[in-house]
Structures are given as C-alpha cells and as structure tokens.
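Read the structure below first, then the notes.
The values are calculated or read from the model by the stated rules, or taken from the named source; none is laboratory data. The structure displayed is predicted, hence computed values, not measured ones. Every residue, glycine among them, receives a Cβ derived from its backbone with ideal geometry; neighbour counts consider all protein chains shown. Surface areas here come from the heavy atoms of the whole protein model, side chains and all, with no ligands, DNA or RNA. Shrake-Rupley method; radii C 1.70, N 1.55, O 1.52, S 1.80 Å.
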Amino acid sequence: MLTLLTSMYMVVRAISPQAEPIRVVVTGAAGQIAYSLLFSIAKGDVFGKDQPIILILLDIPPMLPVLDGVVMELQDCALPLLREVIPTDKVEVGFKDIDAAILVGSMPRKEGMERKDLLKANVAIFKTQGQALDKYAKKTVKVLVVGNPANTNCLIASKSAPSIPKENFSCLTRLDHNRACSQVAMRCGVSSDKVKNVIIWGNHSSTQYPDVHHAKVNVSGSEVSAYDAVKNDAWLRGDFISTVQLRGAAVIKARKLSSAMSAAKAICDHMRDIWFGTKEGEFISMGVYAAGNSYGIPEDLIYSFPIQIKNKTWKVVDGLPINDFSRAKMDATAAELVEERDTAMDFLSQ
Ligand code: NAD
Ligand code: LMR
C-alpha cells in the first residue's frame, strides 16, 4: 500500500505543472544596488525557492549597453528559476503585467548634497512610473520604492497610479531598521537575529527616529528589553540614534558611493516579508500610506511605522505606548515629510 502511494505521489509530482512565473521589474537595473540585488531575486531568496521568475530590467537609454552586460551575467549564473530576462528603456514594456516592482532607479545623492535637491528630478521620474504602473501593471502589483527621497517618491508614484490600492505601495526603511538592529546587537555582544522589534519612525532621512523602547534582545536565552540589555540609556538616546540617522551619509563619505550591498539585502528582507509575512510576534519597519489614524501622524504621507504582514497585507502595530521623548521625534520627522510632500505636490502640478 505504502509503495503504491509513494509511486502515485511520484507520478503526480512528475506531471504537476510548476508555478506560473511571476513578472518582477527592477528599475535602475544598471546601477549599483541592482547589481547586488538581482542575483538574490533570481535565485529565489525573495519570492521563494519554487517560484519561477521573469525579470524585467528597466533603465534609461544610455544605460542599455550596461544592461546587456547584466543580462549576460544573469544568464551565466544558470539559475533554474530565472525563466527570462528582459532589458528595456520603455515603461510600457517594463511595467506590463507585473506582479512586483522594485523602483530603485533615480539619481543617488552625492557627498554634501541635500536630499531635497533631488526632489524635483525624482517627482518627474516617479510620476511617469506611477502612470505606467496604473496603465500596464496588474492591479495586485506590490510596489517597493527605494530611490531617494524614497517616502515622497513612493507617495508620488501612488498618487500617479489611482487604480492601484495605496496599500500596495511601500518604501524602504528596512535598511535603517537593520542598521538599528545591528547597532544594538554589537553593543550587547549578540548576533543581530537576537534583536527584534526595533522601529524606524518616519522619513528615510536624517530626521528618522530609530526607537528601541519596544525592542527585545535575547541575551543568553532570555528575552529582555533593549534598555535593560544595553544598560546605557544615554547611548540609546544619543549616539545610537544619530549613528542610525546618519549612517547613509557616513557610507557615502567613506565609499564615495551610497550603500548598495546593505540596501540590496534590506530590499530582499522587505519584499520577502510582503510575500511571505512577518514572523509571529515580531514587527518590522516600512514606509506605508499614513491614513491619519495611527499614532497621530498626519494623513497622506508615506511614513515608516512598525508593521506586521499576513497574507500579503500589512497593518500598523497600533497601541504601543509613546513617551514624550519619542513623541517629539516622531512629530519632527512627520513635519519634514509634510514639507517634502507639499514641495513635491507643487512640482507634480507644474
Ligand atoms: P546608481 O546611480 O548606481 O543607479 C541608479 C540607476 O538608476 C542608474 O543606472 C540610472 O541610469 C538609473 N535611472 C535613473 N533614472 C531612471 C529612470 N527614470 N528609470 C529607470 N532607471 C533610471 O544608484 P544606486 O546606488 O543604485 O541607488 C539608487 C537609489 O537608491 C538612489 O536614489 C539612492 O539614494 C537610493 N538608496 C535608497 C536607500 C534606502 O534605504 N531607501 C538606500 C540606498 C540607496
Ligand atoms: C542610505 O541610507 O544609505 C541611502 O539612502 C543614502 C543616500 O542618500 O543615498
């Protein structure tokens, strides 16, 4: 009987059709973040080890020769899940029927440059891409915006794609989240997976608020609050916060290029959590549409909150107690986002 069942199972397995490939677009695909990212996506680290993928690589016309090189390298990786790689400089090709969009392409900030200087150019890019998403993508598409200023670019893309639910758009603050976890872990002498439930509030900028009031650290098998584990409140309220806030600028200063390897890792973490959900009892940080009903944050911003995800649907973890120290920092980063949004909306209407 067992032999019969085993052979039936093997026949069924052999004739079962494989999952349909999903279509994933990465913009800025000739750039440095994409170079660290595409391999992980194509080998199944993000959408699952059984999920075939069609990768669409979008960049601007002068970068098409570089994209050809990226295509060759992806082919040379001989990855079984990678069914097709489509390089393009056309949004109508790039966004056609896509299931997931990772919008990296924009102009990276150079040393000494203010992020707001980039706003105008990026409003134009994210308006065009939002409109293309609206027209060509699946309505279920999940859109992750990485290109800076990520929160406001995400808002512009979403506003330009009114037929796609706002909830399908998010921006990357997972890199800041990972930075915060790592800083606490190094301070406590534990590995970074022993730290959970840090929060990045607000903007992916130097006004972001990395908050560990609700974070837990697993020290020698028992879970304690981050404040008890670190045992240095002055550091947690001072250098820890500024280190995380200014980490992007510090990397640029050192590398003369913005973070790429760590950004790619964070993109994978973010999108994998959207696809498969967050761990039970844990939350992560991502920039999502603020509807005006969480933590007194004004509506119509993309603001980073503590988030849990289930069935590809996120929810803000509400009800965490907020002290005066945190309140002031959460409001300051919200105020910057309001100003960024208002400037961007002026550019959008021009
Ligand atoms: P990069 O300059 O190496 O690559 C950017 C690529 O985008 C280039 O190939 C460029 O041609 C392309 N591009 C520009 N306009 C485009 C358009 N309209 N459509 C498609 N492609 C376009 O930059 P990078 O280091 O890969 O960084 C990309 C962006 O990510 C920057 O804005 C950077 O500031 C941002 N970033 C965000 C985070 C975050 O945590 N949110 C972290 C690191 C970097
Ligand atoms: C980062 O956080 O590393 C980047 O967003 C920095 C930047 O401005 O590109």
Check your understanding: Do we have any residue at all in the range 267-274 that's within 16 Å of ligand 2 (Cβ to nearest atom) and surrounded by fewer than 22 Cβ atoms within 10 Å (Cβ to Cβ)?
Key -> yes
**Study point:** In the range 197-253, the residues that are aliphatic (A, V, I, L, M), surrounded by 23 or more Cβ atoms within 10 Å (Cβ to Cβ) and within 16 Å of ligand 2 (Cβ to nearest atom)
**Key:** VAL198, ILE200, VAL244
Check your understanding: In this structure, is HIS214 closer than 27 Å to ALA101 by Cβ and either within 12 Å of ligand 1 (Cβ to nearest atom) or at pLDDT 95 or above (or both)?
Key -> no
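What number of residues in the range 126-144 are among the aliphatic types (A, V, I, L, M) and within 11 Å of GLU92 (Cα to Cα)?
Count: 3.
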Review point. For SER106, are the conditions met, namely being in contact with a Gly (Cβ under 8 Å, 6 or more places away or on another chain) and surrounded by fewer than 24 Cβ atoms within 10 Å (Cβ to Cβ)?
Key: yes
Point to revise | Positions within the range 128-167 being hydroxyl-bearing (Ser, Thr, Tyr) and open to solvent by less than 10 Å² (accessible area, probe 1.4 Å), in sequence order | key: THR152
**Study point:** Lone unmet requirement of (1) under 29 Å from PHE39 (Cβ atoms); (2) within 16 Å of ligand 1 (Cβ to nearest atom); (3) over 17 Å from the mean Cα position of the chain (by Cα) for GLN208
**Key:** (3)
